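The values are calculated or read from the model by the stated rules, or taken from the named source; none is laboratory data. The shown structure was predicted, so the numbers you read here are calculated from the model rather than taken from an experiment. Virtual Cβ from ideal backbone geometry, glycine too; neighbours counted across all protein chains shown.
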Amino acid sequence: MVFRAVLVGCGGMSKGWLTAITTHPLLKGRIEVVGLVDLDRSTAAARAAEFGLSDVAIGTDLGAVLAETRPDLLFDVVVPVARARVVETALRHGCHVLSEKPMATSIAEGRAMIEQAHATGRVHAIVQNRRFIAGVRRLRALIESGALGALTSLNCDFFIGAHFGGFREDMDNVLLLDMAIHTLDAARFMSGKVPEAVYCLETNPPGSWYRHGAAANAIFEFSDNVVFNYRGSWAAEGANTSWESAWRIVGTGGTVLWDGADRFEAKVVDGDTGFFRPLRDIDVPEPANADQTHGHASVIAEFLDAIQTGRVPETDGTDNIKSLAMVFAAIESARTGQRVTLSV
């Protein structure tokens, strides 16, 4: 099946989407882009020219372009404050929708999107593309194998000096809302646990070029007494971590370290004597399915596969709202200075 698709929001982030759609082997021949929409028509036209999309509808009115092209899919790459209206319009026109993150600007808004998708019988999923990388899949497999014993904690550091310019530098809660959701979603996915509560301290460090909330320290309580410690900053110059963070995951029988790129170090206890117990190295398993390790292309392909087979996609809104809830609970905790319980 070839899916007809319209993409809305033709700014910088759309390049990653269109590159994956038009060039990646997982998606080749599966999607026909039939329309591009942006508030600035010239931006949409320039993006069409860049990707050789000569026979597509170009417009500034999403509803009009959807009515003209009658696509199967909408790829939503708009700024977060515009997402609710875009998703509602697309679902009303009978489109399945794949949205950029964050899913919504509030939990109530996210719940409304889920209800709209159910009412129209369409799929609404979110691009949590960093869930679809080899390292995250490998750590999930290691935890599930039981090689580390019972999971006790996940700990990650995210420190990057990122100079985006544009809307991010004027956002409220910029790190938690725009970036941390990737890491929080990864922690939830890798652990297989349910987030239950959080205490968070959010700051805007001296020298920050962001208006608000460029750094945060959060302690999440997960089910089964698992703790997830998050430390992050988007205004940390001098020693960038990976975009995937640097991880230490601890179980009752051992620990794995991951630098967020290609280096893993996993050790488990190998004896029951000595002040420090003897250890042995273990391998971190390769992903069971390599097709799930190509980031943007993999999450789009998984979305298409789910639609074709009638199943719920991995990043469906009904799942992603749980990661969104982690973000908003952390923001509420930072605002109130109190521990906040999660409920979705």
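Quick look at the numbers
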item: Wholly enclosed helices (runs of 4 or more DSSP H) of region 1-95 bearing at least 1 residues over 23 Å from the mean Cα position of the chain (by Cα) and free of Cβ contacts under 8 Å to residues at least 12 places away in the same chain; result: 41-50, 62-69
item: Pair list, Cβ under 7 Å, 6 or more apart: region 177-204 residue free of Cβ contacts under 8 Å to residues at least 12 places away in the same chain, other residue surrounded by fewer than 21 Cβ atoms within 10 Å (Cβ to Cβ) and among the acidic types (Asp, Glu); result: none
item: Residue within region 274-282 that is of a type in the set (Asp, Glu) and at pLDDT below 95 present; result: no
item: Failed condition for Ala119, given (1) closer than 30 Å to Cys95 by Cα; (2) at pLDDT 95 or above; (3) under 16 Å from the mean Cα position of the chain (by Cα); result: (3)
item: Test result for Gly207, over 27 Å from Met13 (Cα atoms) and either touching a residue at least 12 places away in the same chain (Cβ under 8 Å) or under 19 Å from the mean Cα position of the chain (by Cα) (or both); result: no
item: Test: residue in region 221-235 that is more than 19 Å from His182 (Cα to Cα), touching an Asp or Glu at 6+ places or on another chain (Cβ under 7 Å), modelled with pLDDT of 95 or more and of a type in the set (S, T, N, Q); result: yes
item: Of all residues in region 115-128 being farther than 16 Å from Leu177 by Cβ and touching a helix residue (DSSP H, G or I) at 6+ places or on another chain (Cβ under 7 Å), the one that is surrounded by the most Cβ atoms within 10 Å (Cβ to Cβ); result: His124
item: Cβ pairs under 6 Å, 6+ apart, first in region 282-295 and on the phi > 0 side of the Ramachandran plot, second not hydroxyl-bearing (Ser, Thr, Tyr) and not in a loop (DSSP other than H, G, I, E, B); result: Gly295/Asn129; Gly295/Ile133
item: Whichever residue in region 96-114 is assigned to a helix (DSSP H, G or I) and in contact (Cβ under 8 Å) with a residue 40 or more places away in the chain and, among such residues, is surrounded by the fewest Cβ atoms within 10 Å (Cβ to Cβ); result: Arg111
item: Within region 46-78, tally of residues that are over 24 Å from Ala117 (Cβ atoms) and surrounded by fewer than 17 Cβ atoms within 10 Å (Cβ to Cβ); result: 7
item: Residues satisfying the stated conditions in region 255-308, i.e. buried (at least 19 other Cβ atoms within 10 Å of the Cβ), more than 30 Å from His96 (Cα to Cα) and under 22 Å from the mean Cα position of the chain (by Cα); result: Trp258, Gly260
item: Search result, residues across region 278-321 that are of a type in the set (D, E, K, R), in contact with a helix residue (DSSP H, G or I) (Cβ under 7 Å, 6 or more places away or on another chain), over 23 Å from Val194 (Cα atoms) and in a loop (DSSP other than H, G, I, E, B); result: Glu286
item: Lys15 being surrounded by fewer than 22 Cβ atoms within 10 Å (Cβ to Cβ), in the same structural domain as Glu109 (by TED's automatic domain parsing), basic (Lys, Arg) and within 30 Å of Leu176 (Cβ to Cβ); result: yes
item: Arg131 vs. criteria within 15 Å of the chain's Cα centre (by Cα) and either modelled with pLDDT under 95 or surrounded by 18 or more Cβ atoms within 10 Å (Cβ to Cβ) (or both); result: yes
